[in-house]
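The values are calculated or read from the model by the stated rules, or taken from the named source; none is laboratory data. The structure presented is a predicted model; accordingly, all values stated were derived computationally and were not measured. Neighbour counts run over all protein chains shown; Cβ positions are idealised from the backbone, glycine included. The accessibility values were calculated without ligands, DNA or RNA, using every heavy atom of the protein model including side chains. Shrake-Rupley method; radii C 1.70, N 1.55, O 1.52, S 1.80 Å.
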Amino acid sequence: MNTATSTSRAPIASSSPSLATPSPAALDDAGKLLLRVAIGVLVLLHGIFKLSAGVGFIGGMLAKAGMPGSLAYLVFVGEIVAPLLLIAGVWTRAAAGVIVINMLVAIGLVHMADLFSMTKQGGWALELQGLYLFGALTVVLLGAGRFSIGGSNGRWN
């Protein structure tokens, strides 16, 4: 008979990483990805609408403000190109900066009368524009994170 004593293995230390408890860095990167994609898709939908409807109304507002109406075509950079870069995570900070500028121009041209207004439900009249503006500004400050094509170490990511 074999009378050797059995040895028991020590339990795995609770401080070891597991799939059930992601690291804080992984959660940060996942949050950055979610914010990038959400802001990018929502702004992109406005750009897709302008592809089909045109930018004539924006040109009219620019002309009324004393600026060349041809600047209206820059909306495609702010609402098509920049959101696509944001979603992909390429030149992320610069793309988010373009969206910030796009939103500031939109607020200045279209929504200035509602800047200090509230809705009947008690919300800010510009909460959607504010979400796009401050969401994009947050991406400018945080960067893309590692879940991006450009990676987290790029100068503009």
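Taking the Cα centre as origin and putting +1 on Lys and Arg beta-carbons and -1 on Asp and Glu beta-carbons, what dipole magnitude results for the chain, to the nearest 20 debye?
Details: 9 positive and 5 negative charges, 41 e Å.
In debye, rounded to 20, the chain gives about 200.
Quick one: which residues, 5 or more positions from TRP124 or on another chain, have an amide H under 5 Å from its amide H? H modelled 1.01 Å from N in the peptide plane, none for Pro or chain starts.
THR119
Going by alpha carbons, how many degrees (0 to 90, nearest 10) lie between the helix axis of 24-53 and the longest principal axis of the chain?
The answer is roughly 30 degrees.
Using the Cα centre of region 9-136 as origin and beta-carbon charges of +1 (Lys, Arg) and -1 (Asp, Glu), tell me which of ALA20, LEU85, LEU34 is placed farthest towards the positive end of the dipole.
After comparing all options, I get ALA20.
Give the residues of region 126-150 whose amide nitrogen is closer than 16 Å to a point set 7 Å from the Cα of HIS111 in the direction of its Cβ.
126-138
Skip the ligands, DNA and RNA, and give the accessible area per residue of the chain with a 1.4 Å probe, whole Å².
Per residue, the chain has 65 Å² of solvent-accessible surface.
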